[in-house]
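Working notes for the structure below.
The values are calculated or read from the model by the stated rules, or taken from the named source; none is laboratory data. Here the structure is a predicted model, which means the values were calculated and not measured. Using ideal geometry, Cβ is built from the backbone for each residue, glycine included, and neighbour counts are taken over all protein chains shown.
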Amino acid sequence: MSHETMSQHSTAADGLADRRLDPRLAAKARELAAQGTVLLRNDGVLPLALESRVALFGRTAKDWLAVGYGSGGDVNPPYISNLTDALRESGAVKVDEELAAAYDRFSEEHPADPGTVWGKWPTHYPELDLDDEQINAAAGRNDVAIVVIGRAAGEDRDAELAPGSYFLTEQEESLIARVSAAFERTVAVIDAGNVMDLSWAERYPLSALVIAWAGGMESGHALADVLTGVTEPGGRLTASIARRYEDAPSAQNFGDPDV
């Protein structure tokens, strides 16, 4: 994936000023990405109530992963929408700007590196370390927490049985544990083009679990549409996600050149 693909400086407004972009195709991409979103769990928190105060955790909410890797994923869209800005633009909910600013500063100081060497792309981005005081303060200001976990994989870059790829990192596990304990309602979102371990979803009191997939340049807007009830998440899983990796039929021989 090229630097242009993952640039967070390009905006939807910039892209729409590009004469090569057909607004009708962008609208269709947004519609299809929303329809492909999979809702795995929902206790009624979704769609978000109008004017809900929402705290967004996880840098992927801003540093959005829009496509996978390899020949099909190495594309240069005119822009990439992200969830934080898309929820702001929706006007349906109120984004916690204090928390968003902390993530903005972190992203500026530690830019998401998309990688430039074929097959050496990152599978995730390091997270901002928040202390308990910041999380608890956000819980006092907001109605709902949304924790976004980002993953990427693709041609020549399979997911690995390692933290930051198939499994959560310690940072991510800690974030989910502390946020879901502090907030009465927590929504977990997976922004990924590949299957990852989801056994952690059974360990924490999550109100909703959403797989957004890597839906292209309009996927941030598409997910905002789903979360706010504009579009129904009509996607269905195209692969079984085993409770344990060892339960997958291919677990014993995947990647073995002799099989």
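What the table below lists for this structure:
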{"read-out": "Exclusive hit being crowded, with 19+ Cβ neighbours inside 10 Å and of a type in the set (Asp, Glu), set GLU155, GLU172, GLU160", "value": "GLU172"}
{"read-out": "Residue selected from the stretch 64-86 under the condition modelled with pLDDT of 95 or more and of a type in the set (A, V, I, L, M), by the criterion surrounded by the most Cβ atoms within 10 Å (Cβ to Cβ)", "value": "LEU83"}
{"read-out": "Qualifying residue in the stretch 242-258 (condition: under 19 Å from the mean Cα position of the chain (by Cα) and either closer than 19 Å to VAL148 by Cβ or touching a residue at least 12 places away in the same chain (Cβ under 8 Å) (or both))", "value": "no"}
{"read-out": "Enumeration of residues in the stretch 208-224 that are touching a Leu at 6+ places or on another chain (Cβ under 8 Å) and assigned to a loop (DSSP other than H, G, I, E, B)", "value": "ALA212, ALA214, GLY215"}
{"read-out": "Within the stretch 90-118, considering residues that are acidic (Asp, Glu) and surrounded by 14 or more Cβ atoms within 10 Å (Cβ to Cβ), the one nearest to LYS62 (Cα to Cα)", "value": "ASP104"}
{"read-out": "Whichever residue in the stretch 127-140 is in contact (Cβ under 8 Å) with a residue 60 or more places away in the chain and farther than 14 Å from ALA177 by Cα and, among such residues, is farthest from the chain's Cα centre (by Cα)", "value": "ALA138"}
{"read-out": "Subset of the stretch 39-97 [in contact with a Gly (Cβ under 8 Å, 6 or more places away or on another chain), acidic (Asp, Glu) and either outside any loop (DSSP other than H, G, I, E, B) or on the phi > 0 side of the Ramachandran plot (or both)]", "value": "ASP85"}
{"read-out": "Filtered residues of the stretch 98-155 (kept if of a type in the set (Ser, Thr, Tyr) and assigned to a helix (DSSP H, G or I))", "value": "TYR103, SER107"}
{"read-out": "Hits in the stretch 116-159 (condition: over 21 Å from MET196 (Cα atoms) and at pLDDT below 95)", "value": "THR116, VAL117, TRP118"}
{"read-out": "Residue match in the stretch 204-227 (condition: among the charged types (D, E, K, R), in contact (Cβ under 8 Å) with a residue 24 or more places away in the chain, surrounded by fewer than 19 Cβ atoms within 10 Å (Cβ to Cβ) and on the phi < 0 side of the Ramachandran plot)", "value": "no"}
